[in-house]
Every structure is written in structure tokens, then in C-alpha cells.
1. Would you check which residues across the range 334-366 are charged (D, E, K, R) and either buried (at least 21 other Cβ atoms within 10 Å of the Cβ) or not in a strand (DSSP E or B) (or both) and list them?
2. Kindly indicate which of G115, G58, G78 is closer than 30 Å to T396 by Cα, in contact with a Cys (Cβ under 9 Å, 6 or more places away or on another chain) and modelled with pLDDT of 95 or more.
3. So in the range 152-190, with the set limited to residues that are at positive phi and modelled with pLDDT of 95 or more, which one is most open to solvent (accessible area, probe 1.4 Å)?
4. Working only within the range 378-392, note down all residues that are open to solvent by 10 Å² or more (accessible area, probe 1.4 Å) and either assigned to a strand (DSSP E or B) or more than 15 Å from V70 (Cβ to Cβ) (or both).
5. Pairs under 6 Å by beta carbon, first residue surrounded by 20 or more Cβ atoms within 10 Å (Cβ to Cβ) in the range 234-257, partner of a type in the set (A, V, I, L, M) and part of a loop (DSSP other than H, G, I, E, B), six or more apart or different chains?
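The values are calculated or read from the model by the stated rules, or taken from the named source; none is laboratory data. Bear in mind that the values here come from a model prediction, so they are computed numbers and not experimental data. Here the Cβ positions follow ideal geometry from the backbone for every residue, glycine too, while neighbour counts run over all protein chains shown. Each accessible area value is taken on the protein alone, full model and side chains, heavy atoms only, with ligands, DNA and RNA left out. Shrake-Rupley method; radii C 1.70, N 1.55, O 1.52, S 1.80 Å.
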Amino acid sequence: MRTIKCLIGIAAFSFVLSMACVSFASGFSVLHEFAGDDTDGGLPYYGGLTLQGGVLYGVASYGGPNWSGVAFRINPDGTGYSLLHAFGDPDIGGNGDGVLPYNSDLAYADGKLYGTTFFGPTNIGTIWSVDTSGNNYSIVYDQFGNSFPAGRNLQAGLVISGNNLYGITFDGGSGGGGTVFRVGTDGNNFAVLHPLDYYTEGGLSGGTLELSGNTLYGMTGTGGPNDAGALFKLGTDGSGFTLLHEFGDFAGDGEAPFGSVTCVGEYLYGMTCYGGTHSVGDGDGTLFRIGTDGSGYTILKEFSSNSDGGAWPTGSLMYNAGMLYGMTSYEGPSGYGAIFRLDPENPGSFTVLYNFEDDAYGAGGDLVPYKGHLYGMTVGGPSSGNDAGVIFSLSTPEFDAIEDTYAGLGLDFTSAQMDDLTNLYYEGKNGLSPDPITIGDITWEYFGYTIEGKNPGDAWKEDGVYYFYLGSGVKGTAGGSGDVPEPSTLLLLLPFIGFGLRKLRRK
């Protein structure tokens, strides 16, 4: 039960372990120090912040007026922190409110945030929603538990497509390893897409599913043939369940993945909490790549408690401009983990961007980029304060350089004008639909066509529509979709009214 070991170890570490912006070295800033009491939340264990409309949203697992966790919002400059909801209200929902929101991977649609809780007063897990102003909180679905085929306990977050939410339970279901499920945003039409068999497919999943097109990708943290978890895929209709990799398959393989995989074109990237050969026993974790068809499994990085990058990566990877970004939760020079960057095409390029100190430690979630910064949370720190975790930012000037390549038509897309842009229409090569991309907090869609006679940076107007042509220099920012030919040639479609930007409907 290596995943349980990892969970307990990190939880113990965080326990042994609201301010204005407090700066530290290397561009690292604490935006908010969780109080961990009945006025605020604390200990945000897993998942990452969700960025919508220039505001960060998330959950903390502990504290709040009902001592059952909170949902919150905060501006990227550290101002405007406020609680959206305090969990554990016995008067909400038919079975009472949810308790202990473990994962901050919140889904968003039409002004609402959707999340999960691990427990509830008389049930074992809930799906909830609240609007971004903190109003209209409701229980979307709560028929989880020991006697329900839906499975029990939700530690992972949710992904959304159209009017459907997709998720995975921690355990339970007919196979004992949890279930992959679908439910409407209105709480109707719940369906188990696949019950996970603990002994052959694994269970105890803590990572949110990855959705790419009509395919879901996920990982189990333990169980399976080698008792080390597994990586799988299936269709959004429940068809085509396939094991892509059984962790612990060979000496030095990764074990106990605790986060999500990140889909980039034809590859999946992820991390395991244990495994590798850099320490005696279970190892300190790995970073891997595998084809979406299960081929080409490769370990790109083995973490070590004795190295600069730290150990125990329990979150997920973020992909931006050809680079992977992630965090370790423990060890390293100061003993508190690190934020790192890796070029997947050059594993030797592994670079530590920041070594956590006693300002913040026990990072267990994901990173989100926005206007030259990375944002995330830790379950511990600062040791001189409440020691209930923090929300932080890290300055990353390299992102500014990437976003500058999108300047065109006299516009600076790193300015506030960028916030007025939403999804752009797209078509895929040969009728396929490449995945959307994110620049700042805006989701964009792109064309995979080569325009003869045009160079990167060219802008022109046809039939009242302005076009801005992007070249291979922004291949990584486009997510490296396999639908885009090499070298990547991208075209963004920017509708205008006069000289002002037209607001397009966000997908």
C-alpha cells in the first residue's frame, strides 16, 4: 500500500510542520498564509489553483467555521482573499454538506465552479457547485458510499465537457478500486463508466482525470499487478478501457502515482511518488513519458532526496512552451522540496527554479501560469506563522518572453486587453480537433494550417477578419498537438469590430 504510505507521510510532515504579499528570494512570494482555524481554511493537500477571469480559486482541506474545509478566491497579486463556502454545513443537501475537500482541481462552466469532497455527514463523498461570487452553493450529487455501486470517497477533482462532469472515486465500486464516472452538471444521468478492479487495475486514485478529445486518461495509486498503481485510458462513453502501463513493471520503475497525467499531442507526461533507483528501498519518485497508445514508456527523471530537485512529487506536471513544470514535496537542499522545469526532449536540462524553505513546504498540488508567474499551494509553512500552508507565486520571466511572441496588430497580449479575449474558433487538420491551449488565463483554440507566402508575425485582413500568423517558435505554447504538422505552423483568428476587440463566448 505504497500510496497510503505516501499520503500518511506527507500528512504527518505537514502537521509537524491572511497576509499581504510577503517576498522572499528568487521572485518567490507568499500571497496568503492560511490561518488553519475557524476563520479560514488550511492544509490544501492536493490539486492546484483554478484560474478564471483573472482570479484564482481553490479549496483547503481543513479549518473554516465548521472545521471541514473551505473554498476560496484570491487575486493574483494577493489581494481580495475571501471564502466562497465553508464545508460541513449540516443543513445543506439531503444528506448534509460535503466534508474535507481534498483536491483543488475545480471544473468551471457558465460562471460555476464544480468540486468534490472526500466525506459527508451521512455519505462518503459529494460533488458540489458554487458560483464564482460564492452564491448558490449546492450539492450536485452525493450518492456515494459503501452500499452504492458508484464507489466512495472522492479525492480527485473533476473535468468537464459540455454538460457532463467526469471523475474518479478513491475506492469502492464492484471491483474495490473505485470507479470512473460521469454525471450531468445538474446532477442527473449519473453513470459508472468503468469499475476499477483493485487487483488487476489498481485503486486509490488521487489524481484528476485528463480529458483529451473523447478520451479520458487516469492513474491509480496502488494495487494492480505489481501493487504499484497503473495508467489507463477509456472513452467518455465508457468504451475502450485499456491499461497503458502497470507501474513497478521493472527494477527502478515508478511506483505510486498521486497526481494526474498531462496530455501533450501524442504523449502523456506524469510523475510517481515513489520508485526509481536513486535511493535505497522504494525510491524517491520519477517523471515519465508514454505514448497515448501505451508505447514508448520512458523515465525522463529520477528524483532523489540527496539532489537539488528534492523528492516525493505528489502533484501533476504543467506544460508551457515546450517545457514541463512541477514540484516535489520533500527533501532537497533545505529539506522542503522544490519547483522545477524540464525540457522533455532534453532530460539533462532539469532546472530547479526555487527550493522551498520554511516559508512554504510540502507542495502536493499543481502549478498554474499567469502573466509571468507560476501560482501554487503548499500544505505547510511558514514555520514562523500558522504552519497551515500558503498560496504562493514565483516570478518566471521566461513566460513574459513567450507571451510577447503573441504581440501583433498593435496589441500587447500581456496587457489587460488579453483578458477581453476568449476562445477562438478552430478547425483541425484533416477534420480532427486539436486540444485547446492556455495563454495567461484564457483558453485559445488554433488552426493547423500552413499559409504559403506568410511569415511568423505577419498580420493581415480578409473579409473583415484580422489574422495573426504564429510560427514554430510557439510550438510548445500550442501544446504540441499531433494534429499540427512539423514544424508547427499556427494561425490565430481574431475577429474585430472597428479597432476594438470583440468578446467571444468562452467554451
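1. E345, E357, D358, D359, D366
2. Being closer than 30 Å to T396 by Cα, in contact with a Cys (Cβ under 9 Å, 6 or more places away or on another chain) and modelled with pLDDT of 95 or more holds for just one of G115, G58, G78, which is G78.
3. Checking each candidate, the answer is N189.
4. Answer for the range 378-392, where residues must be open to solvent by 10 Å² or more (accessible area, probe 1.4 Å) and either assigned to a strand (DSSP E or B) or more than 15 Å from V70 (Cβ to Cβ) (or both): P382, S383, S384, G385, D387.
5. F247/A228; G248/A228; E255/A228
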